[in-house]
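The values are calculated or read from the model by the stated rules, or taken from the named source; none is laboratory data. Since we're looking at a predicted model, the values are computed, not measured. Note that each Cβ is placed from the backbone with ideal geometry, even for glycine, and that neighbours are counted across all protein chains shown. SASA here: full protein model, heavy atoms, side chains in, ligands and nucleic acids out. Shrake-Rupley method; radii C 1.70, N 1.55, O 1.52, S 1.80 Å.
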Amino acid sequence: MGFNVFVTRAIPEKGLKTLADVCDTLYVNPHDRPLSRQEIMDAVKGKERDGLLCLLCDNIDAEVIDALGRTIKGIANYAVGYNNIDINTAARRGIPVTNTPGVLTDATADLGWALLFSVARRIVESDRFTRAGKFDGWAPMLHLGADITGATLGVIGAGRIGTAFALKSKGFGMRVLYCDRSQNETLEREVNARRVDLETLLAESDFVSLHVPLTEETHHLIGAKELAMMKRTACLINSARGPVVDEAALLVALKAGTIAGAALDVYENEPEITPGLSEMDNVVMVAHIGSGTVSTRDKMAEMAAADLIAMMKGERPQHCVNPEVYE
Ligand code: NAP
Ligand code: GLV
Ligand code: GLV
């Protein structure tokens, strides 16, 4: 079929192999690092690409979309979140955009629990302490944390991942509150969850976990005002997108003891981190690894490759996020 595809960074082999089978030109970023904006522009401008496979950290704005030119038939994002792509401009140019929903739901929800446990029970802090040779025997007051069993869990954004995350609380007998634009019957039936407004969720939850996409509405959804509404003993967990939280306000709240702790997979200006945050003992920080299991990344690669090929063939892909291109 002889397609010309640009992949902004190597993804698991299965996806690359599927693409290689239908490509004359498959240009994969040869470096083990993200490409700069200029490098992405250079790799698309005048290159007559049929397809682009990109990452959530690549900013595919109107200028890049223009640089892709008339040959481009589809953009596949190797992620479920697609706030990095100007999908409206893509739609206006008639370019479909796809994402990778579903296959990463459990992996990301599991990571949410890893973060919740880590911050509640001070796992990372206690690990650092133990490795540093400071453990001199069991102590009545050492690294005391918060109860998980029986606590109140607040889930903001009860979509695929938020639902899976909340359902996994079953083993811990938690009271579950959620905020979403629509009612979630599964959560209400399975874990007796109650849909509440944001203020109630923040005031009553021991753990607040974010699962909304990043949009204009959710940008800084959690800022100084919202942090102040949380219990002083509560923890915030963010495995959604960094800018959903005002990171500077979070640092202030953590320093002041407005909340007890935070566990973060994502950062407002990723990969940069607000100075001072890394020095806080009551923050658990990991490197945007929500979907990072071997099998999940394989499935994402296969899904992105299959959708990109469908778009290049002029067929409708399975996971289009701007379906108005087909109207
Ligand atoms: P999803 O199924 O679309 O769920 C998102 C949910 O948030 C939907 O129920 C949506 O409601 C709700 N929502 C949107 N805007 C809202 C608002 N302003 N207030 C309250 N609720 C709102 O998506 P998903 O597959 O669960 O993924 C969610 C997000 O997780 C992704 O967009 C991505 O940013 C993030 N993520 C992160 C990682 C990681 O590695 N850390 C991995 C995967 C995903 P509607 O249905 O009404 O739109
Ligand atoms: C990861 O953050 C994703 O959106 O898939
Ligand atoms: C602790 O290790 C206990 O036995 O209570």
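Within region 108-135, being open to solvent by less than 10 Å² (accessible area, probe 1.4 Å), of a type in the set (Gly, Ala, Ser) and within 16 Å of ligand 1 (Cβ to nearest atom) holds for Ala109, Gly112. The set of residues from region 138-159 being part of a loop (DSSP other than H, G, I, E, B) and either within 16 Å of ligand 1 (Cβ to nearest atom) or among the aliphatic types (A, V, I, L, M) (or both) comprises Ala139, Met141, Leu142, Leu144, Ala146, Ile148, Ala151, Gly157, Ala158, Gly159.
Among residues of region 232-244 that are within 13 Å of His219 (Cα to Cα) and touching a residue at least 40 places away in the same chain (Cβ under 8 Å), those with a Cβ under 7 angstrom from a residue that is within 9 Å of ligand 1 (Cβ to nearest atom) and assigned to a strand (DSSP E or B), sequence gap 6+ or separate chain, pair up as Ala240/Leu210.
Which of the residues spanning region 167-195 are closer than 13 Å to Ser205 by Cα, out of contact with any Lys or Arg (no Cβ under 9 Å at 6 or more places or on another chain) and within 14 Å of ligand 1 (Cβ to nearest atom)? Matches in region 167-195: Arg195 only.
Look through region 241-270, keep the residues that are within 12 Å of ligand 1 (Cβ to nearest atom) and open to solvent by less than 10 Å² (accessible area, probe 1.4 Å), and return whichever of them is farthest from Asp281 (Cα to Cα). Applying the filter and picking the extreme gives Val244. The numbered conditions (1) of a type in the set (A, V, I, L, M); (2) outside the structural domain of Asp147 (by TED's automatic domain parsing); (3) surrounded by fewer than 23 Cβ atoms within 10 Å (Cβ to Cβ) are all true for Met312 except (3). Only residues that are of a type in the set (Gly, Ala, Ser), part of a helix (DSSP H, G or I) and farther than 19 Å from Thr296 by Cβ were counted in region 81-123, giving 4. For region 125-140, state whether one or more residues are farther than 30 Å from Val325 by Cα and in contact (Cβ under 8 Å) with a residue 24 or more places away in the chain. Yes, because at least one residue in region 125-140 is farther than 30 Å from Val325 by Cα and in contact (Cβ under 8 Å) with a residue 24 or more places away in the chain. Of all residues in region 272-327, those satisfying the criterion of being modelled with pLDDT of 95 or more, away from ligand 1 (no atom under 16 Å from the Cβ) and in a loop (DSSP other than H, G, I, E, B) are Thr274, Pro275, Gly276, Met280, Asp281, Asn282, Lys313, Gly314, Glu315, Arg316, Pro317.
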